[in-house]
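**Q** Starting off with a structure, shown below.
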Amino acid sequence: MRTGTSPWWPLLVALAAVLVHLGALRNGFALDDVTLVEHNPSIVSLAHLPRLFVEPYWNVGGGEHYGLFRPLTIASYAINRAITGPGPAGFHAVNVLLHGAVAALAWLALRRVGTHYGTALLGGLLFAVLPVHSEAVANIAGRAEILTALCVLAAWLAHDKGWSAAAAGLYLAAILSKESAVLAPALYLADDLTRRRVPRTGRMRRYGGYALAVGVMLALRAAALGAHQAAEDTIPLDNPAAAAGVAPRVATALWVQVLYAASCLVPVHLVSDYSFDAIPTVRTIGDPRLIAGLLLVGGMVAAGSWAWSRSRPIAIAALLWGIFFLPSSNLLFPTGTVMAERLTYLPSLGVCLVLGHAGAAAARRWRALVPVVAAGLVAVYAGRTIARVPAWRDNLTLATTDVATMPRSAKLQAGAGIFLSDAGRFAEAEEHLRRAVEIYPAYAQMHYNLAVLLVRRGARDEAVEHLERAIALAPANPRPRRLLQSLR
């Protein structure tokens with residue numbers, strides 16, 4: 001049974017996306033929200049709007065050294081603030097509505113790729129409620145992922161219609177929202193090739209606009225970042241695998257692909273941080289994690305190659321995963337993080353396409369059973385998302401929730417210590433700070449924070465030890481030295 005593109009189906013998918021994330025409206029600012037939104041002077045006035053396109057993404061505290069340029073995302077915050085005010089609810093509401101719009105576009109895209117309306121319905125509903133998306137939606141700073149996906153999918157649909165100028169403009173908007181969209185034209189080209197739609201003439205008109213868009217982005221990026229086109233040297237705390245060298249970085253990145261797939265399919269453990277030592281670095285050829293990563297990535301490549309001329313949905317699904325993960329995967333070059341759930345937002349559409357396609361195919365044989373199983377899967381994912389969204393209420397809630405799930409993360413331990421201390425729960429805070437420096441002994445800031453708590457309870461000798469360690473690790477930081485002088 002085939003149906004047309006009735007507006008009711010994408011609206012249903014969008015509604016599901018909005019409903020499961022409504023709890024985010026009660027959340028405040030957490031993690032990067034504080035810097036990018038709550039305390040960002042660049043978004044206070046719309047008069048600053050034009051300058052956002054020639055300024056770094058992290059235009060605070062020396063953030064230009066991160067090598068990030070996402071002006072459209074920052075501009076969206078400025079417009080958001082002008083309309084809804086400075087409180088968090090308005091920003092969260094926009095994130096939720098944007099996710100609903102992306103889910104609707106996902107239905108339209110999957111309807112084009114699939115062979116049955118059930119592919120789009122199941123795949124779209126799964127995308128709408130996927131628990132791993134909660135970071136991108138419930139954390140205001142995740143808007144970069146949502147805007148990028150919105151523009152990439154809209155450009156794909158425009159490209160399919162032959163609206164070359166619109167597709168190029170939307171692609172430009174995507175790469176001005178986040179750099180990871182840069183390979184999107186490869187998806188559009190592959191889609192054309194699988195459908196034998198690449199014209200012998202007019203190729204420049206169909207694809208040349210994407211090259212022009214990249215040129216515009218690079219020119220603006222150069223004006224904004226100057227000499228800081230690339231990120232700073234990899235920080236071992238944030239990406240220990242990259243700091244260990246090329247081979248460990250690639251080996252660990254392969255294993256992380258397995259973790260990403262698991263977080264999409266079996267979202268039992270979701271956390272906001274995977275830095276040192278949440279994912280121990282893969283260092284040997286015989287490590288089972290490397291073998292698992294090679295099997296997954298090799299299997300995806302093999303499946304995509306096999307499906308190229310046999311099953312368009314499977315081929316496109318493999319491309320969706322690979323194209324949109326590659327820039328942030330650490331496979332080609334080191335990035336700022338070893339793993340982050342928000343990075344699955346657009347690539348996960350490939351997983352949803354496979355599940356939707358498999359469900360639609362199975363429904364032809366088991367008409368009564370498959371809808372029940374599909375509805376159950378959507379309901380389970382929706383319930384997990386509804387339960388996860390409140391964890392992003394504030395920094396204290398997030399840190400204490402996630403550190404219980406991932407106690408091996410030094411940054412989660414540190415965050416729990418900092419925010420518990422701010423809440424006056426000093427004994428608990430000290431326990432977490434001790435654990436943070438135990439996991440990562442070179443954590444200078446946490447040696448200092450721990451010393452402050454030790455001074456508070458009168459353990460001056462131990463405080464001096466941690467202050468001396470903090471000074472040795474970060475001699476440019478004046479605070480440990482000042483506190484140490486006050487104790488002598």
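Where a number appears in this text, it was derived from the coordinates with a stated rule and is not lab data. On a predicted model such as this, the values are computed, not experimentally measured, just so you know. Every residue, glycine among them, receives a Cβ derived from its backbone with ideal geometry; neighbour counts consider all protein chains shown.
**Q** Give the angle, between 0 and 90 degrees and rounded to the nearest 10, that separates the Cα long axis of helix 288-307 from the longest principal axis of the Cα atoms of the chain.
**A** 20 degrees
**Q** Also, quick follow-up: Which of the chymotrypsin sites (Phe, Trp or Tyr not before Pro) across the stretch 300-366 are loop residues per DSSP, with 14 or fewer other Cβ within 10 Å? Working shown, then result.
**A** On the way: sites: Trp306, Trp308, Trp321, Phe324, Phe325, Tyr345, Trp366; in loops: Trp308, Tyr345, Trp366.
For chymotrypsin sites (Phe, Trp or Tyr not before Pro) across the stretch 300-366 that sit outside H, G, I, E and B with at most 14 neighbouring Cβ atoms in 10 Å, the list reads Trp366.
**Q** Just rank Ser134, Ser164, fewest to most, by other beta-carbon atoms within 10 angstrom.
**A** If I rank by nearby Cβ atoms, fewest first, I get Ser164, Ser134.
**Q** Between Ile83 and Ala292, with labels modelled 7 Å along Cα→Cβ, what's the label distance in nm to one decimal, could you check?
**A** Going from the Ile83 label point to the Ala292 one covers 4.3 nm.
**Q** Between Leu237 and residues 5 or more places away or on another chain, which pairs have amide H atoms under 5 Å apart, with H built 1.01 Å from N, and which residues are they?
**A** Here the answer is none, since no amide H 5 or more places off falls under 5 Å of that of Leu237.
**Q** Once label points are set 7 Å from the Cα along Cα→Cβ at both Phe333 and Thr397, what is their separation, rounded to one decimal in nm?
**A** So the label points at Phe333 and Thr397 sit 3.8 nm apart.
**Q** How high is the FRET efficiency from His269 to Val373, r the C-beta distance, R0 25 Å, rounded to 0.05?
**A** Working: r = 24 Å, r/R0 = 0.94.
That pair, His269 with Val373, gives E of 0.60.
**Q** Still on this structure, I have one more. So if we plug the beta-carbon distance of Glu438 and Val44 into 1/(1 + (r/R0)^6) with R0 = 35 Å, what FRET efficiency do we get, rounded to 0.05?
**A** 0.25
**Q** Using θ = phi - 60° and the Karplus curve 6.51 cos²θ - 1.76 cosθ + 1.60, what whole-Hz ³J(HN,Hα) does each residue of the stretch 356-373 get, with Gly and Pro shown as x?
**A** Those phi angles translate into x, 5, 5, x, 5, 5, 5, 5, 5, 9, 10, 5, 7, 7, 4, x, 5, 4 Hz.
**Q** Below 8 Å, C-alpha to C-alpha, sequence gap of six or more: please give me the relative contact order for the chain in percent.
**A** Answer for the chain is 18 percent.
**Q** Report, in degrees rounded to the nearest 10, the 0 to 90 angle that the Cα long axis of helix 395-405 makes with the longest principal axis of the chain.
**A** Roughly 80 degrees, rounded to the nearest 10.
**Q** What ranking do 441-452, 239-250, 76-87 get when scored by the average of other Cβ atoms within 10 Å per residue, highest first?
**A** 441-452, 239-250, 76-87
**Q** So how far, in whole Å, is the C-alpha centre of the stretch 354-373 from the one of the stretch 4-49?
**A** Distance between centres, Cα-based: 32 Å.
**Q** What's the FRET efficiency of Arg479 with Asp422 using the Cβ-Cβ distance as r and R₀ = 22 Å, to the nearest 0.05?
**A** In this case the efficiency is close to 0.85.
**Q** At Arg283 and Leu183, where each label point lies 7 Å from the Cα along Cα→Cβ, what is the point-to-point distance in nanometres?
**A** 2.9 nm
**Q** Hey, another quick one. Could you derive backbone 3J(HN,Hα) for the stretch 82-92 from the dihedral phi with the Karplus parameters 6.51, -1.76 and 1.60 (θ = phi - 60°), listing whole Hz in sequence and x where the residue is Gly or Pro?
**A** 5, 8, 9, x, x, x, x, 4, x, 5, 5
**Q** I'd like the orientation of helix 143-161 relative to the chain: the angle between its Cα long axis and the longest Cα principal axis, in ° from 0 to 90, rounded to 10.
**A** Tilt of helix 143-161: around 20 degrees.
**Q** Per-residue ellipticity at 222 nm for the chain, helices alone: DSSP H runs ≥ 4 residues times -39500 (n - 2.57), over residue total, nearest 500 deg cm²/dmol?
**A** -20500 deg cm²/dmol
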